Amino acid sequence: MVNAEIISPNVQNFVDSLRDIGYSFEVAVADLIDNSITAGADNVKIYSVAKPNMIFAILDNGKGMTEGELIEAMRLASKNPKDKRQKSDLGRFGLGLKTASFSQCKKLTVVSKKAGVISARQWDLDYVYKKNEWYLITPEKIETMPLFNEISSIKNGTLICWQELDRCNKANFTNYIDRLNKHLSLVFHRFLEGIENQKALKIFLNDNPIKPFNPFNANHPATQQTAVEKIKLYGSTITIQPYILPHHSKLSQQEYELYATEDGYIKSQGFYLYRANRILIYGTWWGLHKSLDAHKLVRIKIDIPNSMDVEWGIDIKKSTARPSEEIRNDLKRIINQITEKGARPYTGRGRKIEDKTVIQFWQIIAINDDFRFALNEDHPLLNKLKNEIDKNALENLNFYLKGIQAYLPIEAIQHRLQKSPHLIKQSMALTDSDIEELTSKLLASGLSKQYIDELLKTEIYINQKHLFFNGNK
């Protein structure tokens, strides 16, 4: 005979722990839309207001729930995560509706309609705290809820309402909605675009349609798509396809900034993990590679079925994952292949400074295993200047040139290149009229053919031979 007794958890402490799982506002809302998609919805309406009180509601036209199904859906851990599910099921633990909602609000009301019959239930955490028990409320006056008229007019659907949102800053609520728009446009972009044999999903945020955002810019002619690779693991197939996004010189400023996302290209490089067509994780290397400026255009798409949650360590929020050891070597191999290609738009341009056929203003000087950028002291224009000034002026010039090299603002240059490369207009420092004026002065001073030949190898004159010869060599 086992000597045992029931020790019930402290309800308030348990609820507070559930609320602190770590959802952001946009991730919590995405969890609700997962349920809408699983329920077969192709139309989702989101309503939000900040004043006088913050209220958030979401309505779908999915299959809806009977009263019994709704009560079961409101139960915590209503599903066994080990159960086999349909391929299109975006849930797993049976916790998403509750934990996502509790992370943002203290009062969760769900109204569902199936075959024309409306049912409603509510979790009020203050009431749960007070009673120290999980009392599920049947709410009254549900007709005052936002979007209730809409659910009344359809045959099937589900309406979720958050009230007493105590985890959001009312003053910044518009920022939450803006982030939500961008997040949903990314994580559900395939559903918004339309999946084969499935009607395209429409999501309206305060009556404004959310447009899909495909992070790979796949339709641009300068986007490089490498071959799809399929890996079999535990009886399931993992599909991997790397992309190299276009260099900023191939894009308009607006398009370049769009695909940079708010995180920027550096943080947006890496893997994009799709589970049943829904993005879970994006912009990560999972510790298999370092984020480098040279690889900022590399994005790798991975598709997994919902049967591989354990192997990928999918968490309750569906915002954390980690590949198992069995797949990591394959991922490392793919990283090495694509990052080598992905660096070429930058390494190719970076090698211009090492082009020996052109006399450069700058050069790279090795210092043991280190290096520095230095002015080319053998540049013909600099040599001519040194020969024309006195000793004191030459010393001052040399100190000034050393200062330019020592205080080259590399960090600022790098920052500007990453943030807004289209705004950099470095060529304007030396205009065509400046070059013509310089040429006139040089010719007036008298130049040997040898010196002119040297000038024609410089960056200034490599394509400006006509300035010296006027078409006659």
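What follows is calculated from the coordinates using simple rules that are stated; it is not laboratory data. As the structure is a computational prediction, the values presented were derived from the model and not from experiment. Please note: Cβ atoms are built from the backbone with ideal geometry, for glycine as well, and neighbour counts cover all protein chains shown.
Quick notes on this one:
- Beyond 16 Å, the tail of the calculated P(r) for segment 219-279 holds 59 percent of the Cα pairs.
- Neighbours of Ala115 by Cβ distance under 12 Å: Lys/Arg scored +1, Asp/Glu scored -1, total +2.
- Projected label distance in nm at Lys391 and Thr320, using a 7 Å step from Cα toward the beta-carbon: 7.1 nm
- Answer label for mean projected area of the Cα convex hull in nm² (calculated), chosen among (i) 35.4; (ii) 24.7; (iii) 20.8: (i)
- Between Val49 and Ala444, the modelled labels are 7.6 nm apart [label points 7 Å from Cα along Cα→Cβ].
- Net charge contributed by nearby residues that have their C-beta within less than 13 Å of Gly287 (K/R +1, D/E -1): +3
- Taking Cβ atoms as reference points and 11 Å as the exclusive limit, the residues near Glu262 contribute a net charge of 0, counting Lys and Arg as +1 and Asp and Glu as -1.
- Here segment 228-293 and segment 102-117 have alpha carbon centers that stand 35 Å from each other.
- Net length gained if the chain between Asn208 and Glu133 were fully extended (0.36 nm per residue, minus Cα distance): 23.0 nm
- Placing a label point 7 Å from the Cα of Ser307 along the Cα-to-Cβ direction, the residues of segment 237-251 with a backbone N closer than 19 Å are 237-240.
- Spacing of the two label points (7 Å from each Cα toward its C-beta) at Ile231 and Leu423, in nm: 4.0 nm
- Gap separating the Cα centres of segment 6-40 and segment 420-473, nearest whole Å: 67 Å
- Split the chain at each of the GluC sites (Glu not before Pro) in a DSSP loop with at most 14 other beta carbon atoms within 10 Å, and the longest piece is 6-132.
- FRET E, pair Asp370, Glu196, Förster distance 56 Å, beta-carbon r, rounded to 0.05: 0.55
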